[in-house]
Amino acid sequence: MSATAIWTIPEVRSALDARKISARELVKEFYARIERRNAELNIFLALSPERAYAQADKVDAAIAAGDALPALAGVPVAVKDVISTHGIPTTCGSRILQGYRPAYDATAVTRLERAGAIVLGKTNCDEFAMGSSNENSAYGPVRNPVATDYVPGGSSGGSAAAVAANLAVAALGTDTGGSIRQPGSFCGVPALNPSYGRVSRYGLIAYASSLDRIGPFAHTASDVATVLSVIAGRDPRDSTSASVPVPDYVAGIGKSLHGLRIGIPDDYFGEGIDPEVRKKIEAGIALLEKLGCKRVSIRMPNTEYAIAAYYIIATAEASSNLARYDGVRYGPRVPGATLIEMYQKTRGRGFGAEVKRRIVLGTYVLSAGYYDAYYLKGQKVRTLIARDFREAFEKVDAIVTPTSPVPAFRLGERTANPLQMYLADIYTVTGSLAGVPGISVPSGKTASGLPVGLQIYGPAFGEDRVLHMAHAFEQAGGQEL
């Protein structure tokens, strides 16, 4: 295949089965692609060729022996740099973890490799997954492969860009308030945020523990389903992972959408949505109707409070989680005359501006005298937002919204205005607070060629529903709208 050809998971399996290429040769091809493009796009922070070739050789040996191959045999994947990988640098895009090499793998990584996947390396991201543009990385921004003067979205911009640039067949990202879905939208690739508890968080370096989730990017909804089938399921090492059976997500796609009720929240189409985005999403909804879905107008009245609630809860948890980075246990230490001075210098130099901002915000809302006014009230609003979703799913089978109110914006365009950056998460933070699954699928492009993402929400642990809707939308030409 050509140096820029798109590989999907079935194409990898077919080529390996037919002996058209070996797993080792495929890995070599992908490393050659990375070498050609990474200097320009800044997608990978660390590569793991020794590990990748060893895994490829296992796959090739299994093929030579005639053994049955697992679901992801030989599939080159990328992993966001907040997910632990044994012996591979895992920095969270931060100076404070520079040089850190975990002593273990995250469960999601273990399950990928057990299924035959080949980890190429670690992808760039906003520092500690805090950002909506991938411009907060201590190691420089990722550029969007679709238009290199534009952001890829954040915080999982490196993983989305790796798939969009054909530098990986699939990738893992993390989503706290939209960090899988928004980059998927900006880069024009399917991107799934599973239900909270669907995928183990063991080995995920925490930003906000009650919100963080691991999910996949790929070229097709079917490939997203395949990866999810591998990484989903209960993990005794993560007390928040759910004991809910994992269906065969791939077998669930391909069904008719006839009769499915799709909820269209009036609250998501108000002030602030870009006219071109609105047009593409309305075209996407019309396509779903053509496929047999029934459109139902719904209200989600607490949406207007979602951004405020999210940035109270997430920053409070970040303040607690990031307290451990003090120059004693992890990363480099900046000496000081006293213990407190050492803490101050280490954290002052190790953390970037956005992480510091969120730590300060979180510490403030947790402080004496403000806990009830902010954090406790934020949790009450979260409960109301979750109720909005539960009540909506009593009337509809899925909820369809824009993924982002805007397409990708230029590098540097919003860095001076954090509030403007935060408000762009309005359509994704609601599902994050409610714990429900959501997928972003490409829904055409703007006149200037920037991708637009359509978001499909399902009820808790309803990934099979959103995946089969996304697949049908994709097969009907949704990306060409």
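Looking at segment 305-358, which of the residues that are farther than 21 Å from Arg414 by Cβ and acidic (Asp, Glu) is surrounded by the most Cβ atoms within 10 Å (Cβ to Cβ)?
Glu317
Filter segment 212-225 for residues that are part of a loop (DSSP other than H, G, I, E, B) and crowded, with 24+ Cβ neighbours inside 10 Å and give the result.
Asp212
Before we move on, is Gly116 surrounded by 23 or more Cβ atoms within 10 Å (Cβ to Cβ), on the phi > 0 side of the Ramachandran plot, in contact with a Ser or Thr (Cβ under 7 Å, 6 or more places away or on another chain) and not polar (S, T, N, Q)?
Judged against the criteria, Gly116 is not a match.
Can you tell me which of Ala308, Ala283 is within 28 Å of Ala206 (Cβ to Cβ) and either under 23 Å from the mean Cα position of the chain (by Cα) or in contact (Cβ under 8 Å) with a residue 12 or more places away in the chain (or both)?
Ala308
Quick grid of which residues meet (1) more than 20 Å from Tyr457 (Cα to Cα); (2) assigned to a loop (DSSP other than H, G, I, E, B):
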position: Ala416; (1), (2): yes, yes
position: Leu419; (1), (2): yes, no
position: Tyr422; (1), (2): yes, no
position: Tyr427; (1), (2): no, no
position: Val436; (1), (2): no, yes
position: Ser440; (1), (2): no, no
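Go over the candidates Thr401, Thr383 one by one and state the one that is polar (S, T, N, Q), touching a Gly at 6+ places or on another chain (Cβ under 9 Å) and not in a loop (DSSP other than H, G, I, E, B).
Thr401
Only one of Tyr422, Tyr427 is in contact (Cβ under 8 Å) with a residue 24 or more places away in the chain, among the aromatic types (Phe, Trp, Tyr), buried (at least 24 other Cβ atoms within 10 Å of the Cβ) and under 23 Å from Asp212 (Cβ atoms); which?
Result of the check over Tyr422, Tyr427: Tyr427.
Hey, among Ile43, Ile21, which residue is within 23 Å of the chain's Cα centre (by Cα), at pLDDT 95 or above and among the β-branched types (Val, Ile, Thr)?
Sole residue among the options that is within 23 Å of the chain's Cα centre (by Cα), at pLDDT 95 or above and among the β-branched types (Val, Ile, Thr): Ile43.
Any idea which of Gly158, Gly177, Gly153, Gly197 is over 25 Å from Phe461 (Cα atoms), at pLDDT 95 or above and outside any helix (DSSP H, G or I)?
So the residue among Gly158, Gly177, Gly153, Gly197 that is over 25 Å from Phe461 (Cα atoms), at pLDDT 95 or above and outside any helix (DSSP H, G or I) is Gly153.
Being surrounded by 20 or more Cβ atoms within 10 Å (Cβ to Cβ), more than 14 Å from Gly263 (Cα to Cα) and touching a strand residue (DSSP E or B) at 6+ places or on another chain (Cβ under 7 Å) is the filter here; which residues of segment 280-302 pass it?
Answer for segment 280-302, where residues must be surrounded by 20 or more Cβ atoms within 10 Å (Cβ to Cβ), more than 14 Å from Gly263 (Cα to Cα) and touching a strand residue (DSSP E or B) at 6+ places or on another chain (Cβ under 7 Å): just Lys280.
The values are calculated or read from the model by the stated rules, or taken from the named source; none is laboratory data. It should be emphasised that the depicted structure is a prediction, and the values quoted were computed from it without experimental measurement. So basically every Cβ, Gly included, is an ideal-geometry build from the backbone, and we count neighbours across all protein chains shown.
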